[in-house]
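Just below is one structure, and these are the notes that go with it.
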Amino acid sequence: MTNASTGYTSTVETTIAARRAAGGGALIGYLPVGFPTLTESIDAAVAIATSGVDILELGLPYSDPVMDGPVIQAATQQALANGFRLRHGFEAVAAITGQVDTPVLMMTYWNPVLQYGVDRFADDLAAAGGAGLITPDLIPDDAQTWLDASERAGLDRVFLAAPSSSDERLVQAVTRSRGFVYAVSTMGITGARSDVDSAARVLVTRLREAGSVNACVGLGISTPAQVREVLEYADGAIVGSALVKSLSVGGVDAVATLAAELAAGARDIRAAV
Amino acid sequence: MSSANPSLRAQSGPYFGDFGGRFVPESLVAALDELSAEYALAKADPAFAAELSELHRSYTGRPSLITEVPRFAAHGGGARIILKREDLNHTGSHKINNVLGQVLLTKRIGKKRVIAETGAGQHGVATATAAALFGLDCVVYMGEVDTERQALNVARMRLLGAEVVSVKTGSRTLKDAINDAMRDWVTNVETTNYVFGTVAGPHPFPAMVRDFQKIIGEEARQQVLDLTGRLPDAVTACVGGGSNAMGIFHAFLDDPEVALYGYEAGGEGIEGLRHAATLTKGRPGVLHGARSMMLQDEDGQTVESHSISAGLDYPGVGPEHAWLASIGRASYLPVTDAEAMDSLRLLSRTEGIIPAIESAHALAGTLELGKQLGPDSIILVNLSGRGDKDMETAGRYFDLLDAGAQQL
């Protein structure tokens, strides 16, 4: 989608639109940089993209990840113990976008961006071929520097929307986000759940009323059936902990296999509806 | 500050200068908004103030005393040193002041479950106490390292009916306990209120916790006037997250002749990394929902702090302190583990008062300050807590425990 004022096109938005046009929705896959090693994390991201993940969400390990459950905490803590540095994040984005055309969003808590320098971070992410940022602990209310920097650098900015968000806040999330709005499926943190909360469906409906074109659902999604179910009403399904667990247990081959299974759930769902 | 509004006491967030704000997951915003709104209503409601005031009087034992300590002060240049005795409060520290306020607020909101983080265990004990008093479910998050060094406080919380969760992630101390408490809150926000223990965290916590603690300074200001006929030359307190310091500083913010000193944990010395001197050695950053000063590496990863005192072992600090430091209204200096322990023993032996190790940092700093200010000066110190909980640490530190002796 081309922004009329800046002439900037969001590859994340065009990817989601293409999936929707084909009768399905986007599969968004999360993996942390540097887990289990930097090289393997790059290989794993390329492998899941090749296996059918439409948009990559690359997490930057952080010391105090308040939105993450035990699986992602353990992985990112290991990455930090292995010596993860922020520059590895940009190296990983460059290495991945050099091998696949899949758009790569970074998911990062705010303090690392702040310390790196918001403008410098935006420039280096754009130079590495990154599509934008998902910011779990930055709300639009306190995000002016990032709104400015992302505008200037032509990057997507994905803010979160929660079942507890007021209508006014949903409008704000929709207006301020670019790429998509991250609809938090349930009140909670990352991690696989047996049922994706019905709150997700309500939230996506409310986001539509708030004007959202691209509402993607995350938290708790781990199976192809859940991906399919979510994509009946949402534009994208975000899978994180399940992929991380698979990578942790079975390595790159296992996570690629899981990605392919999940992707099958994201393809033409019209027959199922 | 604009000249139209010169009062430093009037700050109520979300920002204190460049510090503060709300850097939290969107899921928490509704709860923070609800808390802000309910607190604003409570603040304007005389019935709320009356209920809290009655609890202070008949439950906590307020107003707390002030005690002049001349034998101790003889080691500090002969300055007059006056202690504000928050150690005499029910549950043994200033923490109860804030907890009673927040639990009353929880009752107003209608939630039945409270959660809290704790480092030394004082805030956890205070929260467990108030939860028992009001019949609320209570879960306290405490780093595994702290559950070991403050085992007695764990037992106290359990005796009071609280569940204590030992946090095994990250550095397994206070900062990780806060992370887990926030995760709990994100998940259970509909039923649960987070009783935050210090003047840090996202808005409205820094301003609200300060408001619940400012009674310390309000009482002490008048008590010192009554005792000495004038305001003190300096007011001192230890600073971890900073709630007891904000509590005693606040009443004096608009008294420019009163100097304010916060003493941070210098640990094994601020030359190395084994300290918790956030304002002395930190840089601005975002931690636990607010922009403030913090100990961090080049990449913005939080650096583990160290202090012999679990209550000061925190790599962040409240945003109002960061602001007061930035405008030069308050000074913050490091005090080492050894200096604090020396002062703990000195106050015990000269005055028969065993302070918490946290508060002993303020005492150590005050002795040095007394030497600078001289014998005509008056220094008010917030003795934020008592040392009962620290007897095991002190016993080992001073080698006071008989070999092979068993506590039965």
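The values are calculated or read from the model by the stated rules, or taken from the named source; none is laboratory data. Everything numeric here is computed off the predicted structure, so don't read it as measured data. Positions of Cβ are backbone-derived with ideal geometry, glycine not excepted, and every protein chain shown enters the neighbour counts.
With respect to the conditions (1) buried (at least 16 other Cβ atoms within 10 Å of the Cβ); (2) on the phi < 0 side of the Ramachandran plot, B:G170 lacks only one, and its number is (2). Contact annotation: no residue pair with Cβ atoms under 9 Å, 6 or more positions apart or on different chains, pairs a residue in the range A:74-101 that is under 20 Å from A:T50 (Cα atoms) with a partner that is surrounded by fewer than 17 Cβ atoms within 10 Å (Cβ to Cβ) and among the aromatic types (F, W, Y). Taken over the range B:259-294, the criterion of being closer than 24 Å to B:Y15 by Cα, away from chain A (no Cβ under 11 Å) and in a loop (DSSP other than H, G, I, E, B) is satisfied by B:A277, B:G282.
Would you mind finding the one in A:G25, A:G34, A:G52 that is in contact (Cβ under 8 Å) with a residue 40 or more places away in the chain, crowded, with 19+ Cβ neighbours inside 10 Å and more than 20 Å from A:I134 (Cβ to Cβ)?
Details: A:G25 fails: more than 20 Å from A:I134 (Cβ to Cβ); A:G34 fails: more than 20 Å from A:I134 (Cβ to Cβ).
So the residue among A:G25, A:G34, A:G52 that is in contact (Cβ under 8 Å) with a residue 40 or more places away in the chain, crowded, with 19+ Cβ neighbours inside 10 Å and more than 20 Å from A:I134 (Cβ to Cβ) is A:G52.
Considering only residues in the range B:226-273 that are surrounded by 17 or more Cβ atoms within 10 Å (Cβ to Cβ) and of a type in the set (D, E, K, R), the one that is farthest from B:V317 (Cα to Cα) turns out to be B:D233. Of all positions in the range A:95-110, at least one carries a residue that is in a helix (DSSP H, G or I), over 20 Å from A:G29 (Cβ atoms) and in contact with a Leu (Cβ under 6 Å, 6 or more places away or on another chain).
Can you tell me which residue is nearest to A:P136 (Cα to Cα) among those in the range B:182-201 that are under 17 Å from the mean Cα position of the chain (by Cα) and among the aliphatic types (A, V, I, L, M)?
Taking the range B:182-201 and keeping what is under 17 Å from the mean Cα position of the chain (by Cα), we get B:194-201.
Retained after the next criterion (residues that are among the aliphatic types (A, V, I, L, M)): B:195, B:199-200.
Values: B:V195: 23, B:V199: 23, B:A200: 20 Å.
Step by step, filter the range B:182-201, then rank; the result is B:A200.
Put simply, of A:D119, A:D142, A:D137 the only residue that is more than 19 Å from the chain's Cα centre (by Cα) and either closer than 16 Å to A:Q172 by Cβ or in contact (Cβ under 8 Å) with a residue 40 or more places away in the chain (or both) is A:D142.
For the range B:132-146, the set of residues classified as assigned to a strand (DSSP E or B) and acidic (D, E) consists of B:D137 only. Counting only helices (runs of 4 or more DSSP H) wholly contained in the range B:1-73, the ones carrying 3 or more residues that are of a type in the set (S, T, Y) occupy B:26-43.
Yes/no matrix, rows are residues, columns are (1) over 15 Å from the mean Cα position of the chain (by Cα); (2) over 25 Å from B:S27 (Cα atoms):
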| position | (1), (2) |
| --- | --- |
| A:I28 | no, no |
| A:L31 | no, no |
| A:P36 | yes, yes |
| A:A75 | yes, no |
| A:L80 | yes, yes |
| A:R87 | yes, yes |
| A:A94 | yes, yes |
| A:T97 | yes, yes |
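Yes or no, residue by residue, for (1) in contact with a helix residue (DSSP H, G or I) (Cβ under 7 Å, 6 or more places away or on another chain); (2) within 16 Å of A:V66 (Cβ to Cβ); (3) in a helix (DSSP H, G or I); (4) within 14 Å of chain A (Cβ to nearest Cβ):
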position	(1), (2), (3), (4)
B:V99	yes, no, yes, no
B:V103	yes, no, yes, no
B:V114	yes, no, no, no
B:E117	yes, yes, no, yes
B:V125	yes, no, yes, no
B:A130	yes, no, yes, no
B:V154	yes, no, yes, no
B:V164	yes, no, no, no
B:A200	yes, yes, no, yes
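Of all residue pairs spaced 6 or more apart or on separate chains, those with beta-carbon atoms under 8 Å, a first member in the range A:154-180 that is closer than 17 Å to A:T108 by Cβ and part of a strand (DSSP E or B) and a second member that is at pLDDT below 95 and among the hydroxyl-bearing types (S, T, Y) are A:L160/B:S27.
Cβ separations smaller than 8 Å between residues 6+ apart or across chains give the following pairs from the range A:104-116 residues that are more than 7 Å from chain B (Cβ to nearest Cβ) and under 21 Å from A:I42 (Cα atoms) to residues that are of a type in the set (F, W, Y) and not in a helix (DSSP H, G or I): A:M107/A:Y30; A:T108/A:Y62; A:Y109/A:Y62.
I'd like the full set of residues that are among the acidic types (D, E) and touching a residue at least 60 places away in the same chain (Cβ under 8 Å), limited to the range B:120-176. Listed by number, the list holds a single entry, B:D146.
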